[in-house]
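Following: one structure in structure tokens, then a few remarks.
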Amino acid sequence: MKGNIVALVSGTLFGLGLAISEMTNPEKVLGFLDIFGRWDPSVAFVMGGAVTVTALTFRYVMALPKPLFAPRFEVPTSTAIDRPLLVGAVLFGIGWGTAGFCPGPAIASIAMGSSEPPIFLLALLVGNYLAGRWQTAGSTVGQTAQRRS
């Protein structure tokens, strides 16, 4: 139960931070990405704040034996820069650059009553589903090819 309360408080705080910094406004994000037009550098301060907090706290937090409300840290073990990572990064960038949303701000934007965030999130869910199917099909093909060899 504590974990759910912490998740709710953390998510609410994160959403409020996104709203206050206007990261939920796609025009603000697109203005930051438009470096050859009407560039708005203010989003860099939001990113800088996030990087600063992370830089100051990451080592301290990871030195703890475990998180406060979880049995262990969930840390990625792969350091490979592979095709799925690069394709995902490119697709994320294209989506962010065309829609002005990424998942967190889109979820926070739903509270503002705009019609774009639900459409973006629906496309995100469909894309995640299709990517999962594609990965499953790829691993099945790979297993079949290994059995034939």
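Could you tell me whether any residue of region 124-137 is closer than 23 Å to A19 by Cα and either of a type in the set (V, I, T) or within 18 Å of the chain's Cα centre (by Cα) (or both)?
yes
So, in region 97-113, how many residues would count as being closer than 11 Å to M23 by Cβ and part of a helix (DSSP H, G or I)?
Total meeting the criteria: 5.
Quick one: F73 ticks every box in (1) surrounded by fewer than 12 Cβ atoms within 10 Å (Cβ to Cβ); (2) in contact with a Pro (Cβ under 7 Å, 6 or more places away or on another chain); (3) modelled with pLDDT under 85 except a single one, so which number is it?
Failing condition for F73: (3).
Please pick out the residue among L33, L8 that is over 16 Å from the mean Cα position of the chain (by Cα) and surrounded by 12 or more Cβ atoms within 10 Å (Cβ to Cβ).
Testing whether each residue is over 16 Å from the mean Cα position of the chain (by Cα) and surrounded by 12 or more Cβ atoms within 10 Å (Cβ to Cβ) leaves just L33.
All but one of (1) more than 30 Å from K28 (Cβ to Cβ); (2) modelled with pLDDT under 85; (3) exposed (fewer than 10 other Cβ atoms within 10 Å of the Cβ); (4) not aromatic (F, W, Y) hold for G113; state the number of the condition that does not hold.
Of the numbered conditions (1) more than 30 Å from K28 (Cβ to Cβ); (2) modelled with pLDDT under 85; (3) exposed (fewer than 10 other Cβ atoms within 10 Å of the Cβ); (4) not aromatic (F, W, Y), the odd one out for G113 is (1).
Report yes if A44 is assigned to a helix (DSSP H, G or I), within 26 Å of P117 (Cβ to Cβ), in contact with a helix residue (DSSP H, G or I) (Cβ under 8 Å, 6 or more places away or on another chain) and of a type in the set (A, V, I, L, M), otherwise no.
In short, yes.
If a residue has to be of a type outside the set (F, W, Y), more than 13 Å from P105 (Cβ to Cβ) and assigned to a loop (DSSP other than H, G, I, E, B) to count, how many in region 25-41 make the cut?
Summing the residues that are of a type outside the set (F, W, Y), more than 13 Å from P105 (Cβ to Cβ) and assigned to a loop (DSSP other than H, G, I, E, B) in region 25-41 gives 6.
Search region 1-24 for residues being assigned to a helix (DSSP H, G or I) and of a type outside the set (A, V, I, L, M, F, W, C), and hand back the single one that is nearest to F101 (Cα to Cα).
Restricting to residues being assigned to a helix (DSSP H, G or I) and of a type outside the set (A, V, I, L, M, F, W, C), the top hit is G15.
With (1) out of contact with any Ser or Thr (no Cβ under 6 Å at 6 or more places or on another chain); (2) modelled with pLDDT under 90; (3) polar (S, T, N, Q) as the list, and T24 as the residue in question, which single condition is left unmet?
So the condition that T24 fails would be (1).
The values are calculated or read from the model by the stated rules, or taken from the named source; none is laboratory data. Worth saying up front: this structure is predicted, and the values here are computed from it rather than measured. Reconstructed Cβ throughout: ideal geometry from the backbone, glycine too, with neighbour counts over all protein chains shown.
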